[in-house]
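Below is one structure, written out as structure tokens; the observations come after it.
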Amino acid sequence: MRLYSNENFPQRAVNELRSLGHDVLTSFDAGKANQRIPDDEVLKFATAESRCLLTLNRRDFIKLHRHGGISHCGIIVCTYDSQPERQARSIHDAIAKIGSIQGQLVRVNLPNAPI
């Protein structure tokens, strides 16, 4: 899957996702890191690049999905995981279970994590 990781997403998880066969573009790779780009613009960039957004910024992107009026290629919101490789495998498994992520919000949480 084509993914765009928000700048708060762990690089080790990105590397593991790549090893699992995903095409992951990071904010840093795209030249968009440390610029205080508004969340709606981050989502619009991911969509323009035909990529699903991957982020730890759950609250803001859930709001954008629900109320932002932005069509998108999918948003995967995750809780922080101290084991980035495990997090990447959880994301990979979640993606595998979904037919199409277009326009969907997918939550990948650790067990017992707040939603």
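We did not get these values from a lab; they are worked out from the coordinates using the rules stated. The shown structure was predicted, so the numbers you read here are calculated from the model rather than taken from an experiment. Cβ: placed from backbone, ideal geometry, glycine included. Neighbour counts: every protein chain shown.
Report, as a whole number in µm² per second, the diffusion coefficient that Stokes-Einstein gives for the stretch 65-115 at 4 °C and 1.567 mPa s using the Kirkwood radius over alpha carbon pairs.
Numbers: Rh = 11.9 Å.
Rounded to a whole number, D works out at 109 µm²/s.
Distance between the modelled labels on Q11 and D23, one decimal in nanometres: 2.3 nm (7 Å Cα→Cβ projection). Once both labels are positioned 7 Å from their Cα atoms along Cα-to-Cβ, the gap between E41 and R66 label points is 2.6 nm.
Counted residue by residue at 0.36 nm each, then reduced by the alpha carbon distance between them, the extension gain from S82 to A94 reaches 2.5 nm.
Return the Rg/Rh ratio of the chain with Cα-based radii and a Kirkwood Rh. Spell out each step's value before the answer.
On the way: Rg = 12.8 Å, Rh = 13.9 Å.
With Rg and the Kirkwood Rh in hand, the quotient comes to 0.92.
Simple rule: put +1 on each Lys or Arg Cβ and -1 on each Asp or Glu Cβ in the chain, find the dipole, and look at S5, A88, I70; the Cα lying farthest toward the positive end is I70. Spatially, the stretch 1-29 and the stretch 38-115 are offset by 12 Å when compared through their Cα centroids.
Suppose every Lys and Arg Cβ carries +1 and every Asp and Glu Cβ carries -1, with no other charges. What dipole size does the stretch 2-108 come out with about its Cα centre, to the nearest 20 debye? Could you put the intermediate results ahead of the total?
Working: 15 positive and 12 negative charges, 51 e Å.
So the dipole magnitude of the stretch 2-108 works out to roughly 240 debye.
In this structure, the amide hydrogen of V106, modeled 1.01 Å from its nitrogen in the peptide plane, lies closer than 5 angstrom to those of I75, I76, V77, counting only residues at least 5 positions away or on a different chain.
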